[in-house]
Structures are given as structure tokens and as C-alpha cells.
Amino acid sequence: MTELAGVHTPYTVPVVMMDVLQITVLVLVAAGATAVVLVRRPVRQVVVLSVYGVLLAVLFLVFQAPDVTLSALTIGAVALPIVLLLTLAKVRKPEE
Amino acid sequence: MDQLLALVIAMPLLAAAGVSALGPLLGSRRRVLDAAAIGVACAVAVLLFIIMLRTYGGDEVYWFAGVKPAHGVVIGIDFEAQSLSAGLACLAAVLVVAAMTFSWRYFHGVGVYYHALMLTFLAGMVGFCLTGDVFDLFVWFELMGVAAYALTAYRPEERGPIQGGLNFAITNSVGAYLSLSGIGLIYGRTGALNLAQIGAFAGRHPADRLVVVAFLLIISGLLVKAAVVPFHFWLADAHAVAPTPVCVLFSGVMVELGLYGVARVYWSMFGAALGHRVAVGHVFLALGLLTAAVGAVYCVRERHIKRLLAFSTISHAGMFLVGFALLTPLGLAGSAVYVVGHAMVKGALFLGAGIILHRLRSVNEPYLHGRGRRLRVTGAVFTLAGLGLANLPPFATFLGEGWVEDSASAHGLGWITAILVVCTILSGGAVLRVAGGVFYGLGDPPGEDPEMAKEAAEETSETDTGKERTPLTMIVPAAVLTAAAIAIGLVGRLGPVAEAAAVRFTDQAGYNATVLHGAVVTHPVGLFPAEPAGVTLSSLLASGGSAAGALILAWLALYWRRLPMVRDRVVRDRVLRDRVPGDRVLGDRVLGDRVLGDRGPSQLVVAVSRGFQSGVVNDYVTWLVLGLACLGGVFALIIG
Amino acid sequence: MAVFPFVVVAWILGIGLYGIVTSRHLVHQIVCLTVVQSSTYVLLLGVGYVTGAVAPYYYDVPDHTPAVDPVVQALALTDVVVEAAVTALLLSFAVQAHKRFGTLDPHELASMKG
Amino acid sequence: MTQAQRRWIFLVAGTGLAAFYLWGLSGLPGFGNYPGPYGPAILQVAVAQTHATGVVSAVNFLYRGFDTVGEEFILFTAASGVSVVLRHLRGERDRSAVDEAADRDVPPTSSAVRMVALVFAGPAIVVGWWLASHAQTNPSGGFQGGVVLASGFVLVYLAGEFLVFERFSPVDLLDVVEGVGAGGFAATGLTAVFLSMPFLANWLDLGQYPGAVSSSGTIALISFFVGLEVAAAFILIVGELLEQTLLIRQGES
């Protein structure tokens, strides 16, 4: 982005730092998704899922999307886990 | 400015919200709302019919919120109505009216949710047909999907609906998200969401890899919805369990909307970029023929009437895909008219199955043998619709398939006719076999496959009052649909008109000019010139042959045990079977295999087909991914 | 960095599909479906990103500051709602399935359907 | 198919599909090089045209407001679907109140949890309301606000005050609110039609100052309806599932 080099960017961090930040968060998100899939015990999976929701929210923030961040937080980290836990409370087998 | 295009989507949505909000307030006077819901669906059908007629002379574009393109850059969302798309939406509305009328006395208590769901389903279908924006296409696709999943499970007190609904929802959702991935990729490339704008950008260069990947991903969700092999597994599970009036919509129009989506996406976004290669058409042709054949074979084997009709739908979806794959206006016009005719007769057949279920409490063909004799009117309608499904002239189905075959022959693909005729005979014959056995008690009851008997017995009655007679609200819609299928086939000049509409549909440059620059295209130019659309001798022979073949097949299926060469062995086997007390059902299975004399292979076929249609959604998603990977490989070879 | 985010998208999509295919528990399977869908958010926001640009809000920055694409953000918002809606509906199916069959294993569900 | 067969077929097919996808990525402009023209075109005109400083909200509720109509009705349909699927269980409670009770061991809610939940319920409702009514200025909107609003009510349940919760949210009332929310959106759009403007066009005064709470015309109104619909749908969904859990709790006491 040569044309942006001279433009004042309102970030508090240089663009290179932003790259590093984004790559870090992307790796974390990929790892989070993997963890959600590989954790097969439902209740534990819900906990991992809400962590994944927070990671996604952070990713959206560094992608400059505060709106989506808010949705990802309310849905991914709060609403979805609540609904999932309620479902699991209903379908839990007696012996568990 | 013309507001009709806004009304056809706003009315059903507002009515759905209204029904939901007012339902609890009105209490026992809710029938008013039921009637209002039907009224709204009727009004939508009428408006769409007007739009269809009016857009024959030129497309209409409606910019929501009045956000028109500025300097050729689209920043809003548009509805783009053409005769074909408006006609398909109109068909959806007509079927919704038929299904809701049928349901008037069908369910024990229809409840306010049923109508709200039906109306949002209708809105989803209308929006899907008319939208000119690819993300909007996804949104209405999802609305259609969510309403359909909920309607599938409308009777959750049964065991089946939940299972079928889950398979349906998970497979279709995976498809929808793949489509959305494709939309994301094409947006990343072109920075546009409008179909015309994407088409204009992508068409500037020959397709590169990204365009091919995006194309395949976008159509993957549509192919799942269209039940194209190998993405079709969910369909029979969902149809078997969904309430019968809902099946009318699933089979009559939802599956076809998936195909419409493929055609829309191809003709307005990717056609020019892909260079209209014959090879691309041939990929779809192969898919269509495979789908037609697989559906037909499963259809003949089936004893559960709703599943049987569902497999017939898969087979027909394959034939519609063949019409599109020819990439000719005549082929497309054939598919369009075929879709309409098929929707009418298939709707009538499902409504007939619903009446059977209402009166006789079963959809298991062997059990029902001869029990439907008293249902004279239903029997007549069902048989007539079955003949329509077998392409008997003058049903509209005969015109549709005839044009597809004519167009294929004109392009040196005459052998396609043979395959289509065989598939039509198989599924038509299966339906006529049901008609002959159930309503007229002809021949011997078909042998029971223990697995299928189990499945069919699962289906219990959807209703519990008024078993003694068939209410008029049930039989009239079925009869009207059948009559309409004949009437449409008799409309004069249907061929040239439908083909002109198809030419307009395939005119990508005209579509772009209309949307992006507000041009009025009076003389659309398709990729291929129009071919003569009429009733040719060969199409008469083919469809007459299909109908006759289907009748013969049905007769054979009912009477084969009485043929001289097998009769003796049947008697011997029956004695043998009677000596073994216990599972009578199993006895029939063994009997069938011995008479056929190929016990090994036939059981292998059964095992293999059961293995595919396993009911495990994990398997379905596996096949979906495998199918996509194969298609991806083929497209990569063609373009790359 | 040019394609890395999109490789991550492919990974999330693939691992989600793997989860659906190998799952033996319906609730787990539905969660895997949300993982598949989450890949589309990353894809959408990824394609609309502009290096060095700000979020599309002109509340406290001067007009015509370079901003990232607002359209993909609106699409992602819609996508999130769709996810929530579909997941809730599927979970209610799961509750019913458990009620009817006493199991949430897709294999056992399939063998019991008849 | 056995689990192992499925896994192998998937790994082969998935690898193929991934290869196909990666093969296509070469055609994508690199990350951070969004090519336009859609985004820049909107950014150029949005603030002046709508007086909303949050361009995402302007896109969501005006330029691509029609998508949002579909989205709201997806949620509406899903909530109706949840009611349909779970409704029969509700009916069953009347027939057999004691089913599946014995095997549960739900500890009573501790008073600390009650306190915390009750303390947070009020702020959650306030924050939700604020979010739903500031779509035009801040990164917020009806959707996020609706969910937060609804979770305020859910917190009331966490506090163990289920009976209060139930009194707050009888299913019929929620159906009405949901219908009003979803229908209000559609009706706002239709009002424009009756004023002979295009569906969803802005028919309210934009307000003098971009960014003020009362600015941006129908964007704020639609956002409010969306908030209503989302909150009702979410409470309805949670409520239906809660009723399932309640089935168990009632059996115990």
C-alpha cells in the first residue's frame, strides 16, 4: 500500500505491528476452531466455544469491525452458550 | 414507479407477523386469520401473475429504498423481474394457496404458527426468485430453508419428523454456508454484490481460477437444495416425514428453485466469464442424467408412497437440469414448462397421498392394496395425475420434456431422449402401480421389504377427526391442480412465448444494461437463436411411448406373479413359505428373490442402496464434500 | 500475509466439516456447524479489509479518512443473526430427538427412525 | 459406512476440495487490498445522505435494509419453529408432570449468584436499550441491543426468580411483541410505499445534525423495531428451552 505510506494513519500502532497482531489473532482463531471441534464432551465444548467466540470478537476488532465484534460477543460468547447449556441441561443423561 | 414488486414480498411478511401477533389475541376466532392468510397468498399469486404478463415485453427493476446505481456502481438492492422468474414465484404462490386450502381441515389444530411459517416460506421463495443481488439470494435462501426445516418438523410428536428435519437442516445449512463462502470470494474479487455488476466485472476477462472456485461454491448450496446426485440424500428423508401439504411445496417448487438459482447465477453472473463452454454444459448434463436415473431407480423400488413420490421428484429434477444444461433457449423453455406441469401433477399426487393418509391412516403401499376402492374421486385424480407424470399428452409435462428432447436432438444429443423416456417410464410406472393397487385393487399386493414396511408403518395419521368422508377442501385443490396441468398444456402459442421468455433470461448483456443503466431491452438476444417450439411428431411419439410404457410397467408390477412362466414357482414358494411360521414379511422378500433368480446381486443392490441412503447425516455431508471435490477437479481441468 | 487469512478461512471450514462428519453427538455436530459458519465471517471481513484504514465510523474522525469496507460488515452482521437463528432451531430439534429416542448419536437416530 | 470409512473418504475429498480452494485463491487481490467499488461508493455518500455517522448501520438499515428484512424474518421464523418443535412437550407436562424427575440433582442457587445476577440484570436491560437506540451513531444497533436486553431478562432467571421470569414473558405476549417487532419493520418499509416512495425508503426527517440520537430518520426507527423483535425472539427461544428445564425442576420440588 504505497499510496498509504505518506498518509497519516490514525492507528496508535504502525502498520507492521498491525500485521503481526492480525497474524497472531488469526492463528489463535484457527487453533480455537480446531479445539471446538476436537473437544467432544459437550459441556466442555460449550466452554471452548465461548472462548472461541471471544477470539473471533478480538479478530473482528483488529479487522476494524466494531459492530461485528459486538455481535460476535453477544452471540458467540453469551447467547449461544446459554442456549447450548440449556439444551444440554435438558438432554444430559442420568449417569453423567 | 411500480410498487407491485415491493408488495409481493412485503404482504406475506407483514401477514406472517400479523398472524403471529394477532393469533393469541383472537383466541378461538382464529379461523379468521387462517382465511386471511390464504387470502394474502391468493393476492400474491395474482400480483405475480400480473407481473409475469407485464414483464414479457421487458424486464422490470425495483430499487429498494430508492437507492439507484450511481455512475454504473450499484449501492442498493434490486428486484429484477422477468417473465420466467415472476412465473416461478407465481407458481410458488399458487402451490402455497393449494397447500393451505388443503390444510383447512387437515390438521387436528393447524395453529397460528403453521400459517406464519407458510407465509414466510412463500416470502422466501418470492424473494429468491426476484432478487438481483447475490447476498440477498443467500438471505432468502436461508429464510426459505429455516421455514422449511420448521415445517418439516411440524408434527414433532412423531419420531420421524425430527430425524428427517435434522438431516434436511444440517445438509442444507452446510450447502448454504458453502454458497456464502463463494459469495465472499467473488465479492473479494469484484467488490460487487449485484448479479449484473458481478457479471459485468467478471465478464471482462476470461474466467480465472478464482471465478471458477466461486462459481462452484455458490452453486453447491443450490445443488443441495435442488437434490442433484450426490447432494440429494436429504430429500427423501425430509419428504417422507414432512406434512403432506408441505411436501407439495418441497417437491413442486422448492427443489426447482434450487435449479432456478443455478440457472440465474449462470446466466447473469458467470456465463460470459466462463465463456459459455460446451464442456461446462456437459458437466451439468452428466449430473442431470445421473440424477434422473438414480431417482427413477429408487422410485420404482419404493413402497412408502411419500418417499416414492420424493424419489420421482429427484428424477424429474435431473431432467430439468438436463434442459438447462443444453444452454439453449428451447431447452430452458422446456424445463420451465416442465417445472410448471410437474409442480401441478406432483402437487395433486401429494395431496392425493394426504387424502389416503387422512382416510386410511397409512402410506404403506402393500398394506393399502385394494383398501382405497371407496375413494373414487381421489382415485381418479391420482390416476390422472400419475398419467400426467408419465407425460401423457396434453399434460404440460409432455410439452416440456418434448422441447428438451427436441433441443437435444437439434444439437446432436438425440440419445438423451432414450434416457429421459426410460426415467419417465420408471417413475410414472411406479406411481401408476400405486394407483392401480390402492384405488382399484388390481393385481397382487407388492412384496414387502421388511425395512420399508418398518419405515412405512412409522407414518401414522396426520389427522384424527372426520375420517368418514373426504372434505371438499382436500379434494378440490388436487383436482384443480390436475386440471390446470392439462389446461396449461392446451394454451395456444405457449411454445413461442415460453421460448421468448427463455431468450430474455439468457440475454446476459440485456440483463446488465437493464439493471446497471436502466435500459429497456425490447429485443433480447440470447446466446443461441430460438429454435422452433412446437409439437413435433417425435415428441408425440416419445411422450405417448412414455405413458404407454408406464402403464405397461405398472401392469407388470401388479401382475407379474400371474405370468405363466413364474406362476408355478410362486405357488411352490408360497407353500414353502407357509411351512415356515414366523416372519411373513421376510417370506415375501425371499420369495421375490427366488422368482427373480438372482438373489445375490439383488440383495447386493439393496445393501448398496441402503448404504447410500443411510439416514446418517454424517454420511450425507461426506458425500457432499466428495461430490464437490470431484466437481472441482472437473472444473479445474476444463478451465485451468 | 497476502493470502494467510484466507488459508485460515479454509482451515476453519475444513475442520468444521470434519467435525460434522465424525461427530457422534448431535449437539457437538450443531456446534461444528457454527464453526463452519464462522469461517464465512472471517472470509467476509478479510476480503473487505483495507490496510491502514479505520473502522467505517465518522463519529470522531475527519470525513474521508480511508475506511475499511462497511458492506462486508453489514453482511457479517446478517450472517451472525442467521447463525443464531439456525442454531436455536437445530437445538430445539436436538431436544426433541433426545426426548423421542433417548439418544443424540446420529447413527442410533438413523437406525431408530423406522 | 463405518466411522473409519467415513473419516478416510472425508480426508481424501476434503484435501481435494481444499486444494481446489487454494488453487483459486491466486485470483484474489491480496489481504488488505479490497478493490471496491461497492464500499468506497457507499462511504462517499452515506453520511451526507443519511445523517448517520455509523456507516455500517446505514448500510444495514437503508442501503441494504432489504437484506435486514430477510434477516429479521429468519429470526422470526426460527423462533416460531422452536415454538412448534417444543410446543408438544409443553402440552405433555399437563399429562405427566413427574417424568424424568428423579435422576436430577440440581443444587439450589446460591445467594451470591442471586445477588450478582439481580445486580446485573438492571444494567443489562439499560445497556441493551441504549445499544438498540444508538444504531445511527455508534457501533451498535437493534440486533446487539436486543440480545443484551434479552439477556437481562435471562439474568432474572439465573437469580432463581423463574416465576418472575415467567410472569414477565408469557409465551402469548412474546408472540405479540415478536410480531410487532418484525411486522413493524415491514410496516415501516410499507409506509414509504403508501407515501409513493420505494419500499424501505426513508420517509422521516433526517434531523439537522449527523450523529445526534434523533437523527437519520427511519434508520433509528427500524433499529428500534429490530431490537424489539430480537429481544422477543431470544427470550422466546430461551423461555421455550427453560420450560424444558423447568419440567425437571418442578418434578423435584
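Bear in mind that the values in this text are calculations on the coordinates, not laboratory data. Fair warning: this is a prediction, and the values are worked out from it, not measured in the lab. Heads up, the Cβs are rebuilt from the backbone with ideal geometry, glycines too, and the neighbour counts pull from every protein chain shown.
Note the full-extension length gain between residue B:204 and residue B:469 as 0.36 nm times their separation in residues minus their Cα-Cα distance, in nm to one decimal. Can you show the working numbers first?
Values: separation 265, 0.36 × 265 = 95.40 nm, distance 6.36 nm.
Between residue B:204 and residue B:469, full extension yields 89.0 nm more.
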- Query: For labels at residue B:548 and residue B:377 in the simple 7 Å Cα→Cβ model, what's the distance in nm?
  - Reply: 3.4 nm
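So if each residue of separation counts as 0.36 nm, and I subtract the Cα-Cα distance between residue B:566 and residue B:530, what length gain in nm does that give?
Working: separation 36, 0.36 × 36 = 12.96 nm, distance 5.20 nm.
Here the answer is 7.8 nm.
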- residue B:229's amide H: which non-local residues (gap 5+, or another chain) put their own amide H closer than 5 Å, with H modeled 1.01 Å from N in plane and none for Pro or chain starts? B:291
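Let's test the formula: R0 of 30 Å, r as the Cβ-Cβ distance of residue B:42 and residue D:172. What FRET efficiency results, to the nearest 0.05? Walk me through the intermediate numbers first.
On the way: r = 28 Å, r/R0 = 0.94.
The pair residue B:42/residue D:172 has a calculated efficiency of 0.60.
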- Message: If I model a spin label at residue B:29 and residue B:444 as a point 7 Å from the Cα along the Cα→Cβ vector, what separation in nanometres do I get?
- Response: 6.1 nm
- Task: May I ask you to compute the full-extension gain from residue B:422 to residue B:493, defined as 0.36 nm times their residue separation minus their alpha-carbon distance, rounded to one decimal in nm?
- Result: 22.7 nm
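Using a simple charge model, +1 on the beta-carbon of Lys and Arg, -1 on the beta-carbon of Asp and Glu, nothing else, what dipole does chain C show about its Cα centre, in debye to the nearest 20? Write out the running numbers ahead of the final one.
Values: 4 positive and 7 negative charges, 130 e Å.
My answer is approximately 620 debye.
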- Item | Cβ-Cβ FRET estimate between residue B:409 and residue C:4, R0 fixed at 51 Å, reported to 0.05 | 0.45
- Task: Can you tell me the 0 to 90 degree angle between the C-alpha axis of helix B:134-152 and the longest principal axis of chain B, rounded to 10?
- Result: 20 degrees
- Note on the structure: Around residue B:626 (Cβ within 11 Å, Cβ-to-Cβ, excluding residue B:626; K/R +1, D/E -1) the net charge comes to 0
- Query: What angle do you read, to the nearest 10 degrees and between 0 and 90, between the alpha-carbon axis of helix B:396-410 and the longest principal axis of chain B?
  - Reply: 70 degrees
- What is the Cα centroid distance between the range A:14-35 and the range B:262-291, reported in whole angstrom? 39 Å
- Per the charge dipole of the range C:4-112 (beta-carbon charges, Lys/Arg positive, Asp/Glu negative, Cα centre), the residue among C:15, C:56, C:90 reaching farthest to the positive end is C:90
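According to the square roots a ≥ b ≥ c of the eigenvalues of the Cα gyration tensor, what is the shape class of the range C:1-95, taking rounded for a/c under 1.5, prolate for a/b larger than b/c otherwise, and oblate for the remainder? Don't skip to the end; give the middle numbers.
On the way: a/c = 5.06, a/b = 1.89, b/c = 2.67.
Judged from the Cα gyration tensor, the range C:1-95 comes out oblate (a/c at least 1.5, b/c at or above a/b).
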- Message: Using amide H atoms built in the peptide plane, which far-off residues or other-chain residues are under 5 Å from residue C:67 H to H?
- Response: C:54
- Item | Fewest-first sequence of B:560, B:403, B:140 by Cβ atoms within 10 Å of each Cβ | B:560, B:140, B:403
- Note on the structure: The answer for residue B:60, listing residues at least 5 apart or on another chain whose modeled amide H is closer than 5 Å to its amide H, is B:81
- In the structure shown, do any of B:306/C:99; B:346/C:99; B:68/B:225 have a Cα-Cα gap over 29 Å, and if so which? B:346/C:99; B:68/B:225
- Query: To the nearest 20 debye, what charge dipole does chain B have about its Cα centre, counting +1 at the Cβ of each Lys and Arg and -1 at the Cβ of each Asp and Glu?
  - Reply: 1540 debye
- Query: What are the ³J(HN,Hα) values, in whole Hz, obtained from phi via the Karplus relation 6.51 cos²θ - 1.76 cosθ + 1.60 with θ = phi - 60°, for each residue of the range B:301-317 in sequence order, with x given for Gly and Pro?
  - Reply: 6, 7, 10, 8, 4, 5, 5, 4, 5, 5, 5, 4, 4, 4, 4, 5, 4
- C-alpha long axis of helix B:508-517 to longest principal axis of chain B, angle in °: 50 degrees
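If you take the square roots of the eigenvalues of the alpha-carbon gyration tensor of chain B and sort them as a ≥ b ≥ c, do you get rounded (a/c under 1.5), prolate (a/b over b/c) or oblate? Before the final figure, lay out the partial values.
Details: a/c = 1.73, a/b = 1.40, b/c = 1.23.
Here chain B falls in the prolate category.
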